[in-house]
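The values are calculated or read from the model by the stated rules, or taken from the named source; none is laboratory data. Note that the structure is a prediction, hence the values are computed from the model and not measured. For neighbour counting, all protein chains shown are included, and Cβ atoms are generated from backbone atoms with ideal geometry for every residue, glycine included. Remember, those area values only see protein heavy atoms, side chains included, never the ligands or the DNA or RNA. Shrake-Rupley method; radii C 1.70, N 1.55, O 1.52, S 1.80 Å.
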Number of protein chains: 2
Amino acid sequence: MRSKTRGAIQCEHRDLPISVVNNFGTILKGDSCGMIRLESATTEESMPRTPQPHHTRVLITSGFWRAYQTLNHERVIPYQWRALNDEIPDAPKSHSVENFRIAAAMSQGDYDGMVFQDSDLAKWIEAAGYAIENARDDSEFPAAARQTLEQRVRHVVDVIAAAQQPDGYLNTYFTVKRPDARWSNLRQAHELYVAGHMIEAGIAVFRGTGDRTLLDVVIRLADHIATVFGTEPGKKRGYPGHQEIELALIKLYRTTGETRFLDLARYFIDERGRTPYYFDAEATSPDFVRIWNSPLVHDYQQSHLPVREQVDAVGHSVRAMYQYVAMANLAIETGDAALAQACRALWESTTGRRMYVTGGIGSTSAGEQFTIDYDLPNDTAYAETCAAIGLFFFAHRMAVLDSDARYADVAERALYNGVISGLSLDGERYFYVNPLAVDPRVCDTNGTYAHVKYRRQPWYGCACCPPNIARLLASLGDYAAHATGTTLYLDHFMNGTVSATLEPGPLEVEVGGDYPWDGAVTVTVSDAPASDTTIAIRLPGWCDGPTITVNDEPVKVAAVLQRGYATLTRRWRAGDRIAVDLPMPVRTISADPRVKSSFGRIAVQRGPLVYCLEEADNRTGLHTVALASVPDFQVAHRDDLLGGVTVITSAGTTVALQACDDTLYRAPAYPPGRTDATLTFIPYYAWANREPGEMVVWVLAG
Amino acid sequence: MRSKTRGAIQCEHRDLPISVVNNFGTILKGDSCGMIRLESATTEESMPRTPQPHHTRVLITSGFWRAYQTLNHERVIPYQWRALNDEIPDAPKSHSVENFRIAAAMSQGDYDGMVFQDSDLAKWIEAAGYAIENARDDSEFPAAARQTLEQRVRHVVDVIAAAQQPDGYLNTYFTVKRPDARWSNLRQAHELYVAGHMIEAGIAVFRGTGDRTLLDVVIRLADHIATVFGTEPGKKRGYPGHQEIELALIKLYRTTGETRFLDLARYFIDERGRTPYYFDAEATSPDFVRIWNSPLVHDYQQSHLPVREQVDAVGHSVRAMYQYVAMANLAIETGDAALAQACRALWESTTGRRMYVTGGIGSTSAGEQFTIDYDLPNDTAYAETCAAIGLFFFAHRMAVLDSDARYADVAERALYNGVISGLSLDGERYFYVNPLAVDPRVCDTNGTYAHVKYRRQPWYGCACCPPNIARLLASLGDYAAHATGTTLYLDHFMNGTVSATLEPGPLEVEVGGDYPWDGAVTVTVSDAPASDTTIAIRLPGWCDGPTITVNDEPVKVAAVLQRGYATLTRRWRAGDRIAVDLPMPVRTISADPRVKSSFGRIAVQRGPLVYCLEEADNRTGLHTVALASVPDFQVAHRDDLLGGVTVITSAGTTVALQACDDTLYRAPAYPPGRTDATLTFIPYYAWANREPGEMVVWVLAG
């Protein structure tokens, strides 16, 4: 049985009262013995928030995402611990833990790894914190695994605490290698980025364990950073080359209620892109310590314009997303209309013109960047896993800001496709790059595709993506729903318990079904206030003709549809049952004709899942395969395949490649002879879990 | 009037007898006052040759290629002289001439430029030598320009001679920067490559001017090299990382009749790829001086296998071509059947499976390399100008080896398309990379296309291509025809005088017509031996239904067709007139279906010219443009356009890009609405001579 006592945990740690707010504004009050309990953020008078987000908590208990959380708990997080401790044979060494041990004088040796190597460990700790929180609240997670994880976290937190410098500074690269060169190269050296991830880790560990050791460390770190940066005389007017600290500081503010962290976040956001550019001055300063030979291009790190004037998604796509998340968060916290409007413009640029159908973003490996509108090459795509995760975060913040289902539609597109494609079905292999068309034989020989892997990798020298997936999966419940006033918004269909503290009081529902394989979703009320509240259920943009019943009474969907949500308002009572049916026919998708690589091609989607053809189910030469002009899609769930997936088949045609006469160029041109074939599509996220082979998302139109 | 006294020139230079053999084996004997005259190579008993190539000389006097040679003489070569002397504003500095001045102690300063910067100047000198030779033989070239060119050559040759070290060593990089490190890094440092180009330059200057200063320099250089490399005890058993010296040494052997140069060439060819690998030992030697951090990959410089065992065109495409040229040359000189067979296999690999329709080769910018069969991306293509030139050279040697017209077919494809596309119509801008699909907006923002320019450039930091075009254009006559025994092969239709010394005696014809714009070619005999000889005229592979008359009498083509040549044998008399008509309808071409990027697309070719669509004549979104399923091609020559080109128009369709509703992904998929349009094609070589815009070679099949 699952324990539902998630509002209170026992812990043995320190004695300071503290409040923890999750991503939706949930405040978890910690008392003197470390007990923490849910409390509405609205009770914190010190926090001026407009609009007011209300806290939710989602415990995922079954189905598709529970399987991922179990995989995360049992395989991903333990595997990554080994990776961070350099225990994976034949994988690039992380050195992350060892760097901290060296910085803490617990070990001898030199720093190794990327300048931002600390962040890999920070993200893992964050994942562990959330995993512990989930395990704490759900007794079906094995207790022993949770205890092992807690011990590992406690151990590594102690190392990190020991590595912190007396003034609060925390960064192993500079502590070990260049203690003289702190803050000398904000553009390249990632100090503030690493600090941001460590702040997120401290919050997650506190949420999961109640232990505030790391939280105290990062509060000291944030306070140290505030002594270095700001508009006051004597401070540096810098900001990070890789955004992250801004969103972390806002989280820290929500966690602690301390407005100084919000102020520091706002400083970094407001300062960015002002002229004369900080990075220009920095680059010519005698103190500048170069990390790489990358040229100073302001667009690259989105420092080309003040953030409120930015309208195009440019530059490094992960940096962009983390910035936009912070902007949206700040807009949520402060009601800053200009900031919100900039977020909306950047959203349109990102998702309306520069996003793959998988929710991947970043069209080029050169700088891991956005390029221009409609430039979305399938085979040379970058579509970094971290960028899709960042887009998911951004979409969530926009959903909270505007409560419009179209944001969650994109979040869903990214999550079910371009995010989890980054993780192997066994949890121990990772994609950094998520292409939409792959030919392994070309990848092996054509260096243009050097960034494109056709097998997920055991680790990376730059291993940002693996622990990013882990922390997202562990915290996934934080993104499944949000609440404002009297409304609980169900953004994603994740089976489990959704609790919200609305203005009239607590509302709790159980979500059930077999999403994404089946569109029948049930929402059963288990607790509700004694007055009207609204349960707003996202009707996905991909769905035509959804139907809803409440206690078996049909609901006129058009009458309750608001910004993509079916808004069901009444005085809910325990046992009330909402049944949503989201018809899931197979859909064909065409891209804007300006998208060259997908022109004349069709993608196949069912529910939120984008599908692909793999050589294993089909044949080589997938670029020649055409879908029938009137496809006869057949859908079948196969428990035996790829961990259990719904497979789609259709009539199509292929072209014989081997029978041709080896004339490279032939005149007059003639269309190749086509042969009927049955095409077999699998979900994109599941590709590359069998033998290496070709893969395409976009299939020729028949 | 043109002077036809090309067999004898006045010159004031040194006194050693010497014989000069052009690429076809023509020997130009120099007497004691520098007079040189044509003499058959067969008279040199010291040169064992099997099969026996007979010398030809082609003076291009009118038409398409004469215009290019005039451009080369009047614009390209003078412009490049300025570039090599760092006199082009806003262009990368060459420093080539200055490096020699520094090495000769005529100037102070540091070496600058690539490690192989000397070769740029060497190729320019070679171009100048041939240009002088052409001007010498053709009084329509302005005498003043020729004199200026001769003065420049004399000046720079004196600098080079002064830079030669007492032992014969000649390389400014090592002389100026690392005199201690000579020959320590054959793989990367290009010393033998530079030496090869200098040898070719010395030969060309002697051919053009009779001045043997540079020839003597390079003979001393070659002799020095022979003291360093070889199988004898105490010598290095190395070979070049970038092939070139092998073919140059064979040319030097043909020029001087000295078999020691042939032997040295054979040594380099035979030694290559033997195990244990020289480059492995070199890389781990304490003497190794690293130039770049490029990894040691044996395929890259074709040192993975002994050359006779190589069957796949792999690695750096220019290095591959220069190697194959040398192999074919050696096979021609020695009758080495295994070498000839390897050449044929490498030819099939190169042109049958790894060549663009433009004759471009090298599918990836990563290492400027071949990749695998049928991997010929249009937009990320490399297709380096130098590689197409190298393929042209290779094709020519194969034509001499096997006298099969299919080699000249490929030579023609490369020359008329992927070679001269490297040169702007004004002669002063150059492409290094010759893509088959370009969107300038993407090139500007997507770093995957960093190598792809949509405007020819004034110069390059690595400027191998510009002087390579110059030397090819200046020496183009050497490749227009070849001769064996009693047969003169006319490989290319270049208007002018073709002279050959056949076994029965001299045969001279005048070629006329308006090729490539018109397929009517005339061959008029002006001199012939008093016995039967054969004029073999290539009937291009692209041509269906060629007709031939001799003195207005029709010839049954099928009866005279041998390996692609119409072989016309008789006792030719002055005034005999062969009229060849090569019908030139517009042809559509399809690629092998394994070529992904061209699948479902059609290329348009007329005569030897591959055509393309440019935005300037059509519109944006060229990827959406489709040729009508039954094209109504119209052909019109426009003197006012692009220096005079035949334009092709056809019915087709386009897709509205601006009218769509900005939905990036739409379901259900539907084909975009098509609008009838007239498509205007221009010759590929002429693209990018107007305002920047899109270009495509492969157009959607309607």
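Picking from B:HIS623, B:THR680, B:ALA669, whose Cα lies most toward the positive end of the charge dipole for region B:586-701 (charges on Cβ: Lys, Arg +1; Asp, Glu -1)?
B:ALA669
Can you pull the percent of region B:297-422's accessible area that's carbon plus sulfur, 1.4 Å probe, other chains left in place?
Working: 1150 of 2260 Å².
Here it works out to 51 percent.
Go ahead and run the numbers for FRET between A:ASP518 and B:GLU553, Cβ-Cβ distance against an R0 of 60 Å, rounding to 0.05.
Working: r = 83 Å, r/R0 = 1.38.
Between A:ASP518 and B:GLU553 the formula returns 0.15.
From zero outward in steps of 10 Å, how is the percent of C-alpha pairs of region B:59-197 spread across the bins?
Values per bin, smallest distances first: 12, 39, 30, 16, 4, 0.
Calculate the all-directions average of the projected area of region B:181-238's alpha-carbon convex hull, and give it in nm². Mind showing how you got there, number by number?
Values: hull surface 17.0 nm².
That works out to 4.2 nm², a quarter of the Cα hull's surface.
From the backbone phi of region B:147-161, what are the Karplus-calculated ³J(HN,Hα) couplings (6.51 cos²θ - 1.76 cosθ + 1.60, θ = phi - 60°) in whole Hz, Gly and Pro given as x?
5, 4, 5, 4, 5, 5, 5, 4, 4, 6, 5, 5, 5, 5, 4
Report the Cα centroid-to-centroid distance between region B:450-489 and region B:312-340 in angstrom, as an integer.
Region B:450-489 and region B:312-340 have Cα centres separated by 19 Å.
What range in chain B is the longest one free of GluC sites (Glu not before Pro) that are in a loop by DSSP and have at most 14 other Cβ atoms within 10 angstrom? Could you put the intermediate results ahead of the total?
On the way: sites that count: B:GLU12, B:GLU45, B:GLU87, B:GLU140.
Counting only loop sites that pass the neighbour cut-off, the longest clear stretch is B:141-702.
Can you run the Rg to Rh ratio on region B:481-581? Use alpha carbon positions and the Kirkwood inverse-distance Rh. Each step should come with its number before you reach the end.
Details: Rg = 12.3 Å, Rh = 13.3 Å.
Radius of gyration relative to Kirkwood radius: 0.92.
For region A:31-296, with all protein chains present and a 1.4 Å probe, just round the carbon and sulfur fraction of the accessible area to a whole percent.
Carbon with sulfur: 49 percent of the solvent-accessible area.
Kirkwood Rh over Cα pairs of region A:508-563 into Stokes-Einstein at 4 °C, 1.567 mPa s: D in µm²/s?
Numbers: Rh = 12.9 Å.
The estimated diffusion coefficient comes to 101 µm²/s.
Would you mind computing Rg(Cα) / (2.2 N^0.38 Å) for region B:124-224, counting N as its residues?
1.18
Can you give the Rg to Rh ratio for the protein assembly as shown, taking only C-alpha atoms and Rh from Kirkwood?
On the way: Rg = 36.2 Å, Rh = 34.9 Å.
So for the protein assembly as shown, dividing Rg by the Kirkwood Rh gives 1.04.
What accessible area, in Å² to the nearest ten, does a 1.4 Å probe give for A:VAL318?
Rounded to the nearest 10, that gives 10 Å².
What size of dipole, in debye to the nearest 20, comes out for region A:193-277 about its Cα centre when the only charges are +1 on Lys and Arg C-beta atoms and -1 on Asp and Glu C-beta atoms? Could you put the intermediate results ahead of the total?
Working: 12 positive and 11 negative charges, 26 e Å.
Dipole size: approximately 120 debye.
Using a Förster radius of 35 Å, what is the FRET efficiency between A:LYS93 and B:GLU348 based on their Cβ-Cβ separation? Nearest 0.05, please.
With R0 = 35 Å, the Cβ-Cβ based efficiency is 0.20.
Just to confirm, what accessible area per residue do you get for region A:297-422 at 1.4 Å probe, in whole Å²? Walk me through the numbers before you get to the answer.
Working: 2260 Å² over 126 residues.
Value returned for region A:297-422: 18 Å² of accessible area per residue.
What share of all Cα pairs of region A:31-296, in percent, falls into each consecutive 10 Å distance bin?
Calculated over all Cα pairs of region A:31-296, the distribution is 7, 28, 33, 23, 9, 1 percent.
Sort largest first and round to whole Å: the equivalent ellipsoid semi-axes of chain A, each the square root of five times a Cα gyration tensor eigenvalue. Display every interim value, and only then the final one.
Values: eigenvalues 296, 212, 115 Å².
That gives 38, 33, 24 Å for the three semi-axes.
Where nothing but the Cβ of Lys and Arg (+1) and of Asp and Glu (-1) is charged, how large is the charge dipole of region B:481-581 around its Cα centre, in debye to the nearest 20? Write down the numbers at each step before the final one.
Details: 7 positive and 13 negative charges, 61 e Å.
I would put it at about 300 debye.
Hey, could you get me the Stokes-Einstein D for region B:266-348, Kirkwood radius over alpha-carbon pairs, 4 °C and 1.567 mPa s, rounded to whole µm² s⁻¹? Walk me through the intermediate numbers first.
Numbers: Rh = 13.5 Å.
For these conditions, the coefficient is 96 µm²/s.
Check which residues have an amide H placed less than 5 Å from B:ALA520's amide H, if you skip close sequence neighbours.
HN-HN under 5 Å from B:ALA520: B:ASP514, B:LEU582.
Taking a label point 7 Å from Cα toward Cβ, how far is B:PRO179 from its twins in the other copies, in nm, shortest first?
4.8
What's the FRET efficiency of A:VAL630 with B:GLN108 using the Cβ-Cβ distance as r and R₀ = 56 Å, to the nearest 0.05?
Details: r = 78 Å, r/R0 = 1.40.
Computed FRET efficiency for A:VAL630 and B:GLN108: 0.10.
What does DSSP give for chain A in terms of the percent of beta bridges that are antiparallel, rounded to the nearest 5?
So the antiparallel bridges in chain A amount to around 95 percent.
Using protein chains only and a probe of 1.4 angstrom, how many square angstrom of B:SER629 are accessible, to the nearest 10?
100 Å²
What relative contact order, as a whole-number percentage, does chain A give when Cα pairs under 8 Å and 6 or more residues apart are counted? Let's see the in-between values first.
Numbers: 1606 pairs, mean separation 88.9, N = 702.
Computed value for chain A: 13 percent relative contact order.
Which distances, in nm and shortest first, link the A:GLN108 label point to the same label point in every other copy, taking 7 Å along Cα→Cβ?
Values, ascending and in nm: 5.1.
Any idea what the dipole of the protein assembly as shown comes to, in debye rounded to 20, about its Cα centre with Lys/Arg Cβ at +1 and Asp/Glu Cβ at -1? List each step's numbers first, then the result.
Working: 132 positive and 168 negative charges, 16 e Å.
Charge dipole, the protein assembly as shown, about its Cα centre: 80 debye, nearest 20.
Are there trypsin sites (Lys or Arg not before Pro) in region B:212-254 that DSSP puts in a loop and that have at most 14 other Cβ atoms within 10 Å, and which ones? Can you show the working numbers first?
On the way: sites: B:ARG212, B:ARG220, B:LYS235, B:LYS236, B:ARG237, B:LYS251, B:ARG254; in loops: B:ARG212, B:LYS235, B:ARG237.
Here the trypsin sites (Lys or Arg not before Pro) that fit, given the DSSP loop and packing criteria, are B:LYS235, B:ARG237.
How many angstrom lie between the Cα centre of region B:519-580 and the Cα centre of region A:205-250?
Taking the Cα centre of each part, region B:519-580 and region A:205-250 sit 86 Å apart.
Taking amide H positions as placed in the peptide plane 1.01 Å from N, state which residues far from B:SER107 in sequence (5 or more) or on other chains have amide H under 5 Å from it.
Excluding prolines and chain starts, which carry no amide H, the hits are B:ILE102.
I need the phi-derived Karplus couplings for region B:386-394: 6.51 cos²θ - 1.76 cosθ + 1.60, θ = phi - 60°, integer Hz, Gly and Pro marked x.
Per-residue couplings from phi come out as 4, 5, 5, 5, x, 5, 4, 4, 4 Hz.
Calculated from DSSP H runs of 4 or more alone, at -39500 (n - 2.57) each and per residue, what is the 222 nm mean residue ellipticity of chain A, nearest 500?
Details: 19 runs with 222 residues, N = 702.
Using -39500 (n - 2.57) per qualifying helix, the result is -9500 deg cm²/dmol.
In region B:586-701, how does Rg compare with the Kirkwood Rh, expressed as the Rg/Rh ratio over alpha carbon atoms?
Values: Rg = 14.9 Å, Rh = 15.1 Å.
Rg divided by Rh gives 0.99.
Taking a label point 7 Å from Cα toward Cβ, how far is A:GLY643 from its twins in the other copies, in nm, shortest first?
5.9
How far is it, in nm, from the label point at B:ARG455 to the one at A:SER531 when both lie 7 Å from their Cα along the line to the Cβ?
Result: 6.8 nm between the two label points.
Could you let me know the centre-to-centre spacing of region A:346-380 and region B:269-305, using Cα atoms, in angstrom?
When both Cα centres are located, 40 Å separates them.
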